[in-house]
Amino acid sequence: KEGLIVVDHNNVLVDYNESAQAVFPWLVQENRGKPIKQFPEGREIVQNPNPQFTMSLSSAGGVRHYEFRRTELVQGSGMVGRVYIFLDVTEKQCMIEELNFLADHDSLTGVFNRRKILAKAEQLLQRTAEAHQAASLLMLDVDDFKMVNDQYGHQVGDEVLRGIAKACRGILREGDLIGRDG
């Protein structure tokens, strides 16, 4: 599953495996012996100073994320080449993004949850105070909401909350914040 690219001390392509070739179409027999920085992503690979890094690549199915590890090949006292080993971590990256979203957003309405909206509001108030600007805060309390839940059921109550959140999002300006406290 892991892709493998081997270059010499001058970043000239020495070898690769099929997994790497599936990601980088320029990994073909005719390109062995050529500097990989002349190929689209090759420059980014060899110029990255970190021994471990992530690269995102656009593909027909969307953006794919790859984690790279670089190992230097040493012979005697000198470096003779490098091996780049990489793995597709797109699913892992998507799960991390989803978990981050769930940690910050109300699962019912999709707006910021109490913890996140309070942190964002504090940041906004700090910035506006430092810039000597004004800020406004609007809190909505849905009157008799308990009655909606009692009379029509929690599913209808949930729809009401989603509808309110959607209506509020529809009128927000750039830089405005919305969250759910309750």
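The values are calculated or read from the model by the stated rules, or taken from the named source; none is laboratory data. Nothing here was measured: the structure is a model prediction, and the numbers come from that model. Backbone-built Cβ (ideal geometry, glycine too); neighbour counts: all protein chains shown. Calculation scope for accessible area: heavy atoms of the full protein, side chains included, ligands and nucleic acids excluded. Shrake-Rupley method; radii C 1.70, N 1.55, O 1.52, S 1.80 Å.
Tabulated values for the structure
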{"quantity": "In range of the label at Asn10: residues from region 38-56 whose backbone nitrogen is under 15 Å from the point 7 Å along Cα→Cβ", "calculated": "38"}
{"quantity": "Distant-in-sequence amide H partners of Lys34 (H built 1.01 Å from N, under 5 Å)", "calculated": "Leu13"}
{"quantity": "21 Å Cα-Cα reach of Lys120 towards lysines, excluding residues that sit fewer than 8 places from it in its own chain", "calculated": "Lys166"}
{"quantity": "Vicinal HN-Hα couplings computed from phi for region 124-135 (Karplus, 6.51 cos²θ - 1.76 cosθ + 1.60; Hz; Gly/Pro x)", "calculated": "5, 5, 4, 5, 5, 5, 5, 8, 6, 10, 8, 9"}
{"quantity": "Unit charges at the beta carbon, dipole of the chain: most positive-side option, Ile36, Leu177, Ser19", "calculated": "Ile36"}
{"quantity": "Accessible-area ranking of Val23, Val89, largest first, probe 1.4 Å", "calculated": "Val23, Val89"}
{"quantity": "Size of charge dipole - region 49-168 - debye, nearest 20, with Cβ of Lys, Arg +1 and Asp, Glu -1, no other charges", "calculated": "600 debye"}
{"quantity": "Reach of Lys37 by Cα under 18 Å, taken over aspartates and glutamates that are not fewer than 8 positions away in the same chain", "calculated": "Asp8, Asp15, Glu72"}
{"quantity": "Radius, Kirkwood style, for the chain when every pair of distinct Cα atoms is counted (Å)", "calculated": "21.1 Å"}
{"quantity": "Fraction of beta bridges assigned by DSSP in the chain that are antiparallel (%, nearest 5)", "calculated": "95 percent"}
{"quantity": "At R0 = 41 Å, FRET efficiency that the Cβ-Cβ distance of His154 and Thr54 yields, to 0.05", "calculated": "0.45"}
